[in-house]
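All remarks here apply to the structure that follows.
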Amino acid sequence: MSNIHNSTPTPTPTPTFTSSPSRLQHGLTLRSLEVFMAVVKTQSFGLAAQTLSISQPSVSVHVQGLEKKLGATLFIRRPGQAPKMTDTGVSLLAYAQGVLNQTQVLQETLMSGKKQLRIGAQRFVTQTLLGSAFEALSDALKDVEVIVRTGTFEEVSDLYLKREVDLAFFLTSKESPHPWAHHPINQYRLALIAHPEHPLAREKSLNPARLNDYAFVVAFKQSYFFKSIDLLLAKHNVNIRKVSAQAEDAATLKEMVKAGMGLAFTLLHSVKAEIHLGSLVEIDLDTPPMYLQLGYAKNHTPVSDEIDALIDKMKSSIEPMKYKSNDLDPQGS
C-alpha cells in the first residue's frame, strides 16, 4: 500500500508597491492597469470590455498578463458570480489608482500648459484657517491652477490616500492617531464658548467638573474632529456628559450656541469676532490652555516644488493668533 502525504502548499507572497509611484513597477503598463480598474469598477469582465470598447477576450488577456507578471491571482472567478479581488488585487488597486490619477494630472497639465495644484482640507479648516494659504497662492503661484476640495477628515483622508489631491490640510490634536506622515504648521487655542446669558457665562476659573450638569453642542460624534477634541479634553479631565445637538460644521455649531442650545468647544480664532461683539462669551475654564494643530501632508507629484514654496510662504506669514480682552486669556492664540 502506498503512502499518501498531504501537505499545505506554500502561499505566494503578495507583491509590494511603493506608495509614491514615479515609474511603473513589475513591468506593468498603463493600459493593463486601466483594464484592471475597469473590471474592479464594473465588477464584470464583460462590462469592462464594453466600457473600454474592446472585446471580452482582450480584457481576460490583460488581466492574465498582469497575474503572470505579478506571479499571483488578482480575481477569484466563479461562473455566474462577480469577480472578487484577492489580497494581491486589493494591493494593486491602491497602486493603480495612484498611477492613473498621476497620469491624468500630467495629461491635463500638458494639454492646458498650466500645472494644477490639488488641495484637500476639512471644511472647517478651509473656512477658518487657510486665509494665509490663499494669500500665498495668489502671490507666489500665479502660473498654477488651484483646485480645492473640502470634506470631512475621513473624506479628505480618502482623497489623499488615493492620490486625488497633492496636498492635504487637517486639524487635529497631538493625542489623536494620524493615518499618514504629517508636518505641523501652526497651533490654535481651543475655547469654551456660551451664550452671554448662560448660567456659567461670568464664572472665573471654572472647575471642569461643573460642566457635567450642562448640555453641549458638539461635532458629529462619529467624526475624527469630535474624537480629536474629545481626546484633548480627556487629557485635561474635561468630560462632556450631556449633548443637546451635533453639528456637521463650525458655522452651524456657532449659531446653535448663539441660540442658547448649549456650550461648545471650538477654536478661539473662529469666534473672536462674536466674542468682541458680545453675541458669544468665552468661559474661563480652570485648565491649562488647550491647542489643536494645523498640519499638512503631501504626495510626491509634479507640483512638489510648488507645494514646498507654498508651505514655506505660509509659515513665514503666520503669526501666533492673539486676542486681547478683559474676558480672555491674553496669551491665547
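Structure values in brief
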read-out: Members of region 166-189 found to be part of a strand (DSSP E or B) and not charged (D, E, K, R), listed by number; value: LEU167, ALA168, PHE169, PHE170, LEU171, THR172, HIS183, PRO184, ILE185, ASN186, GLN187, TYR188
read-out: Output for region 28-64, where each listed residue is buried (at least 17 other Cβ atoms within 10 Å of the Cβ) and not β-branched (Val, Ile, Thr); value: LEU28, SER32, LEU33, GLU34, PHE36, MET37, ALA38, PHE45, ALA48, ALA49, LEU52, HIS62
read-out: Candidates ALA96, ALA72, ALA49, filtered to the one that is among the hydrophobic types (A, V, I, L, M, F, W, C) and closer than 30 Å to VAL303 by Cα; value: ALA96
read-out: Residues of region 249-285 satisfying the condition of being part of a helix (DSSP H, G or I), over 19 Å from SER173 (Cβ atoms), of a type outside the set (Lys, Arg) and under 29 Å from the mean Cα position of the chain (by Cα); value: ALA251, THR252, GLU255, MET256, VAL257, ALA273, GLU274
read-out: Qualifying positions in region 58-97 - in a helix (DSSP H, G or I), in contact with a Pro (Cβ under 8 Å, 6 or more places away or on another chain) and β-branched (Val, Ile, Thr); value: THR88
read-out: Conditions (1) modelled with pLDDT under 75; (2) touching a Leu at 6+ places or on another chain (Cβ under 7 Å); (3) surrounded by fewer than 19 Cβ atoms within 10 Å (Cβ to Cβ); (4) assigned by TED's automatic domain parsing to the domain that holds ALA297: number failed by GLU135; value: (2)
read-out: Filtered residues of region 237-270 (kept if surrounded by 19 or more Cβ atoms within 10 Å (Cβ to Cβ) and of a type in the set (D, E, K, R)); value: LYS254
read-out: Matching residues in region 76-128 - criterion: being over 19 Å from LEU161 (Cα atoms), of a type in the set (Lys, Arg) and modelled with pLDDT of 85 or more; value: ARG77, ARG78, LYS84
read-out: Failed criterion for PRO288 (all others in (1) surrounded by fewer than 14 Cβ atoms within 10 Å (Cβ to Cβ); (2) at pLDDT 90 or above; (3) not in a loop (DSSP other than H, G, I, E, B) hold); value: (3)
read-out: Any hit, region 205-223, residues being of a type in the set (S, T, N, Q), closer than 28 Å to SER157 by Cβ, touching an Asp or Glu at 6+ places or on another chain (Cβ under 8 Å) and assigned by TED's automatic domain parsing to the domain that holds ILE283; value: yes
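The values are calculated or read from the model by the stated rules, or taken from the named source; none is laboratory data. Source: prediction; values computed, not measured. Methodologically, a virtual Cβ is constructed for each residue, glycine included, from the backbone with ideal geometry; neighbour enumeration extends over all protein chains shown.
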